[in-house]
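Since every read-out is calculated from the coordinates, none of them should be taken as a lab result. Because the structure is a prediction, the values reported are computed rather than measured. A quick note on method: Cβ atoms are made from the backbone with ideal geometry, for glycine too, and the neighbour counts reach across all protein chains shown.
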Amino acid sequence: MKVLVIGSGGREHALAWKLKQSKKVDKIFCAPGNGGIAQIAKCVNIKPDSIKALSDFAARNKIGLTVVGPEIPLVKGIVDEFQRRKLKIFGPNKKAARLEASKVFAKEFMRKYHIPTSAFKVFDNPAEAIGFCKSVEFPVVIKADGLAAGKGVVVARKLSQAESVINDMMVKRSFGNAGDRILIESFLQGQEVSVMAVTDGKAIVPFLSSQDHKQAFDGDRGPNTGGMGAYCPTSFTTEEIGEQIEEHILTRTVNGLNSEGVKYRGVIYAGLMLTAQGPKVLEFNCRFGDPETQAVLPLLKSDLHDLLLACATGKLSSFGKPAWHEGAAACVVMASRGYPGKYSKGVQITGLSNKTEVGSYIFHAGTVQKGNRWVTDGGRVLGVMGMDKNLRAALNRAYRTAHKIKFDGAMFRKDIGFRASKPIMG
Ligand code: GLY
């Protein structure tokens, strides 16, 4: 079967890499892909939000399954268009993708269906939002309603900071329409974990839990990024907590959406805080996490193609439970100097061999090959993965590979996994 992966980051490289391990997959296309993906798939120059062009491509090339990486095409309705043309696609439709597209929708939905989350209030008027902040205990979390490229969530530690964030979002409109409405939420304490689950709208298959590292620098310092590294599984998600997540969060979400007439097919990414009162939802995403996917998929023993196709065709209940490798996997993100702010592209990368030691693999996020030279082409450049019998050994493997790769301004956190040894509740 031919498969099309949509997107161009490390997450899509990991998806293509895992799909390629399936005996059912003969050929992988990736739109638009990147330098590393081009080594295992045929990259086609179509943008992820060019829905008409992508559906034409899938029809013309008899693609048996399309897997969507980023949220934008999902939010714009790529699944609706593919389904209209009877093309098989993995991902939620436009209505279901509101779980990520509108934070206000997601919170009101959680309130309605008793899905544990923090207390919140919605504002469409900056003066009222600031007035409310004068009566609350800090810190609070301020969120833009719409998509803001991962920058729309701020923890405000004092009133002056909250005022400035509210002004940025609602008055200066730094995120355009996305900040027309905002949420002010209470701040939750605990360990943060990511749980991705695939569903066909009836059955739900949770993946192993993982932990991202959002801040740019060691010790969780510096600005928020798209994610500087992840590991899987987490020790915090005990069997009991896993059951609570499945029952109180994932099942209520899928059933709640069904009650609203929305069939969710695809991956639900739940960003969770494990609090003293149990797991609570920080956010939902309608797509695989990045870089969590680069740490979770290496541990998947079952056939990813079969799993995703079963979701896309409503047959997940016949798939059963997926099998997982023992041990752990970790992904260390190598980024360009300046990321998540301004950074240069076109910087030469050396030491980038696809013959890494067994159990390690380099997922490309922002690279391009120029003749026989590799150069940087993004803020997050590479996701270096290691897997082994335990987390320490997996991290050692990832870091051994990362230390062999050089480019001017390369920065990566040296402490991925540091929270693994901390207590569950903060
Ligand atoms: N790693 C966070 C995300 O994918 O949204």
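Modelled label positions at ASP168 and ARG84, each set 7 Å beyond Cα in the direction of Cβ, lie 3.8 nm from each other. For the range 204-268, the Cβ-based charge dipole about the Cα centre amounts to some 360 debye (Lys, Arg positive; Asp, Glu negative; other atoms uncharged).
Here MET1, MET228 are placed in order of increasing Cβ neighbour count within 10 Å, fewest first, which gives MET1, MET228. Most mobile of ALA365, ALA129, ALA398 per a Gaussian network model of the chain (Cα springs, under 10 Å)? Of ALA365, ALA129, ALA398, the most mobile in the Gaussian network model is ALA129.
For THR275, the residues whose amide H sits under 5 Å from its own are LYS280, ignoring neighbours fewer than 5 places away on the same chain, with H placed 1.01 Å from N. Derived scalar couplings between HN and Hα for the range 203-217 equal 7, 10, 10, x, 8, 4, 7, 9, 9, 8, 10, 7, 6, 5, 10 Hz in order, rounded to whole Hz, by the Karplus curve 6.51 cos²θ - 1.76 cosθ + 1.60 (θ = phi - 60°), x for Gly and Pro.
For the range 123-196, just say rounded, prolate or oblate: build the C-alpha gyration tensor, square-root its eigenvalues into a ≥ b ≥ c, call rounded for a/c under 1.5, and beyond that prolate if a/b exceeds b/c, oblate if not. Taking the square roots of the gyration eigenvalues as a ≥ b ≥ c, the range 123-196 is oblate.
Checking the a/c ratio against 1.5 first, then a/b against b/c, what shape does the Cα gyration tensor give for the range 1-106? Taking the square roots of the gyration eigenvalues as a ≥ b ≥ c, the range 1-106 is prolate. Inter-label distance, LEU159 to ASP306: 6.1 nm, where each label sits 7 Å from its Cα along the C-beta direction.
For the range 182-232, what is the Kirkwood hydrodynamic radius in Å, using each pair of distinct C-alpha atoms? Every distinct Cα pair counted, the radius reaches 13.4 Å. Specify whether the C-alpha gyration tensor of the chain places it in the rounded, prolate or oblate class, a ≥ b ≥ c being the square roots of the eigenvalues: rounded for a/c under 1.5, otherwise prolate if a/b is larger than b/c and oblate if not. The shape class here is rounded.
As a rough footprinting exposure proxy, the listed residues CYS232, CYS311, CYS331 were ranked by other beta carbons within 10 Å of their own, and the order from fewest upward is CYS311, CYS232, CYS331.
Around the amide H of TRP374, modelled in the peptide plane, lie the amide H atoms of ILE349, all under 5 Å away and 5 or more residues distant in sequence or on another chain. Using only side-chain charges placed at the Cβ, +1 for Lys and Arg and -1 for Asp and Glu, the dipole size of the chain relative to its Cα centre rounds to 1320 debye.
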